[in-house]
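This report concerns only the one structure given below.
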Amino acid sequence: MRRSMLFIPGNTPNLVVNSPYLGADAIIFDLEDAVSPGEKDAARILVRNTLRYLDLGGQETIVRINAIDTDYWQKDVEEMVAQGPDLLMLPKSSRPEDVRTVDEAITRAEERAGARRRIRLMPLIETALGVENAYAVATASPRVAALFLGAEDLTADLRCQRTKEGREIEYARTRLVTAARAADIDVYDTPFTDVNDDEGAWRDVETARALGFTGKASISPRHIQAINTVFSPSQEEVDYAYEVMEAIRMAKEQGRGAIALRGKMIDAPIVARARRTLEMAREIGMERSEA
Amino acid sequence: MAEIVRKAAAGTLESSDVYVEIAPGEAGIDLELESVVKEQFGQAIEQVVRQVLQEQGVTCARIRLVDRGALDCVIRARVETAIVRGGE
């Protein structure tokens, strides 16, 4: 289960070594924007040694490598793959070819390293072209596990202001959710960047959930609780999911095809949703409330 | 074998980091360590540093470290970065 992803600047030891204790479901070690050109080598070496020698307690790890129009990305792939993070995040994924280029580099690196498990990819969609190509990017490689929207670079590319309300990214958000769901993969919303505005952060997280995102990234540990809370099922949702599964079981026992619950027909999508809710509830230790 | 041909540095003086300076040496490894936890962990830190130097094939260098409570993975990373920057 991955609701929250926390960005950790790749060259900041204090944050890197404390990253497992900040409450996020996944951590993103950033080798890209958070690292100045003169420190790219140091960040890459620090993240590599961290993945290799630090006990991260089984936490999911993602490394944001540098974009494929830089001189850094190939070395990033080579060195990270050998240490087996769960995913690599590819910034400025605008075309399916970008993803395939990195996919091939990962395959070569995995072969050289004798990697036992397959590293997955999370393309970061942050250009107008990337938004328009979202489905093609999502289906460019079987490694692609999720799409991730990056609104800061995107709004620069769209030549509009980035606002807290986010009207300027409405289209990109719904487009990415639709593309990712059509490709049957996860989809993550852009971080809310005002780390001192807690109310704004909650609103933004709620918007993301209402639109269908799987979860959201954050640049600050302060917003992780909001993300984990909003992207977890509520007690009412968990209780309802139990009722749905019970109604299904009873209908089967009685040999009935169609069933209703609370005056509403229970169809396949409702059952699928109930299953997902219960799966998530189990993972976070939620149970049915006392009747 | 990696040869240190120029003076180079890596890391910072921030908490949990270690600042490492490396320079060409005359004979063997000349190691100088300053650390807030030198009494408790000085020997262990030195051991990590010597291990990285050995892994990287550095047999002759002057190396100075100012430790701010860095964990082993950070010490390893900063020493390796200094070697890369100071090597050929």
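Exceeding 21 Å between C-alpha atoms, which entries from my cross-link table qualify? They are A:Lys75/B:Lys7; A:Lys75/A:Lys216; A:Lys40/A:Lys75; A:Lys92/A:Lys216.
A:Lys75/B:Lys7; A:Lys75/A:Lys216
Hey, can you rank B:13-19, A:23-29, A:112-118 by average C-beta count inside 10 Å, highest first?
Going from most to least packed, we get A:23-29, B:13-19, A:112-118.
If you place +1 on the Cβ of every Lys and Arg and -1 on the Cβ of every Asp and Glu, how big does the dipole about the Cα centre of region A:53-183 come out, in debye to the nearest 20?
400 debye
To the nearest 500 deg cm²/dmol, what mean residue ellipticity at 222 nm is calculated for chain B from DSSP H runs of n ≥ 4 alone, each contributing -39,500 (n - 2.57), summed and divided by the residues?
One gets -12500 deg cm²/dmol as the mean residue ellipticity at 222 nm.
Helix A:170-182 versus the longest principal axis of chain A: what angle, 0 to 90°, nearest 10, using Cα atoms?
70 degrees
For the Cα atoms of chain A, what angle does the longest principal axis make with the long axis of helix A:235-253, in degrees from 0 to 90, nearest 10?
Roughly 60 degrees, rounded to the nearest 10.
Work out how far the C-alpha atoms of region B:8-86 reach from end to end along every principal axis, then list the three figures in whole Å, largest first.
Extents along the principal axes, in whole Å: 29, 22, 18.
Straight-line reach from B:Lys38: which aspartates and glutamates fall under 15 Å, measuring Cα to Cα and dropping same-chain residues less than 8 apart?
B:Asp17, B:Glu46, B:Asp67, B:Asp72
Can you tell me, using C-alpha contacts under 8 Å and at least 6 residues apart, the relative contact order of region A:235-283 as a whole percent?
49 percent
Dipole magnitude of region B:8-86 about its Cα centre, charges +1 at Lys/Arg Cβ and -1 at Asp/Glu Cβ only, in debye to the nearest 20?
Here region B:8-86 has a charge dipole of around 140 debye.
Using the alpha-carbon centroid of each, what span in Å lies between region A:89-105 and region A:119-155?
One Cα centre to the other: 9 Å.
In angstroms, what radius of gyration and Dmax does chain A have, counting Cα atoms only?
Rg and Dmax of chain A, Cα atoms, are 20.4, 70 Å.
Could you give the angle, 0 to 90 degrees to the nearest 10, between helix B:72-86's Cα long axis and the longest principal axis of the Cα atoms of chain B?
30 degrees
Which one, B:Gly42, B:Val74, B:Ala8, projects farthest toward the positive side of the charge dipole computed for chain B from Cβ point charges (K/R +1, D/E -1)?
Projecting each Cα onto the dipole axis, the largest value belongs to B:Ala8.
Magnitude of the Cβ-charge dipole of chain A, K/R +1 and D/E -1, about the Cα centre, nearest 20 debye?
Dipole about the Cα centre, nearest 20: 840 debye.
Set the Förster distance to 51 Å, then compute FRET efficiency between A:Thr174 and B:Val84 from the Cβ-Cβ distance, nearest 0.05.
0.65
Just grab the label-to-label distance for B:Asp30 and B:Arg6, each label 7 Å out from Cα along the Cβ direction, in nm (one decimal).
For B:Asp30 paired with B:Arg6, the spin-label model returns 2.1 nm.
How far apart, in nanometres, would the label points at B:Leu13 and A:Thr163 be if each is projected 7 angstrom from Cα along the Cα-to-Cβ direction?
4.6 nm
Taking the Cβ-Cβ separation of A:Arg282 and B:Ala44 as r and a Förster radius of 35 Å, what is the calculated FRET efficiency to the nearest 0.05?
0.25
Using a simple spin-label model with points 7 Å from Cα along the Cα→Cβ vector, what separation in nm is obtained for A:Ala272 and A:Ala210?
2.4 nm
I'd like the antiparallel share, as a percent to the nearest 5, of DSSP beta bridges with both residues in the protein assembly as shown.
Given both bridge residues lie in the protein assembly as shown, the antiparallel proportion sits at roughly 25 percent.
So between A:Ala156 and A:Asp33, what do we pick up on full extension, going 0.36 nm a residue minus the alpha carbon distance?
Net length gain for the segment: 42.8 nm.
What is the distance in Å between the Cα centroid of region B:72-86 and that of region A:163-195?
The two parts, judged by their Cα centres, are 39 Å apart.
Is there a simple number for the mean count of other chain Cβ atoms within 10 Å of the Cβ of residues in B:17-29, and what is it?
Taking all residues of B:17-29 together, the mean is 1.
Here, each number is a calculation from the coordinates, and none is a lab measurement. Everything quoted here is computed from the prediction, not taken from an experiment. Reconstructed Cβ throughout: ideal geometry from the backbone, glycine too, with neighbour counts over all protein chains shown.
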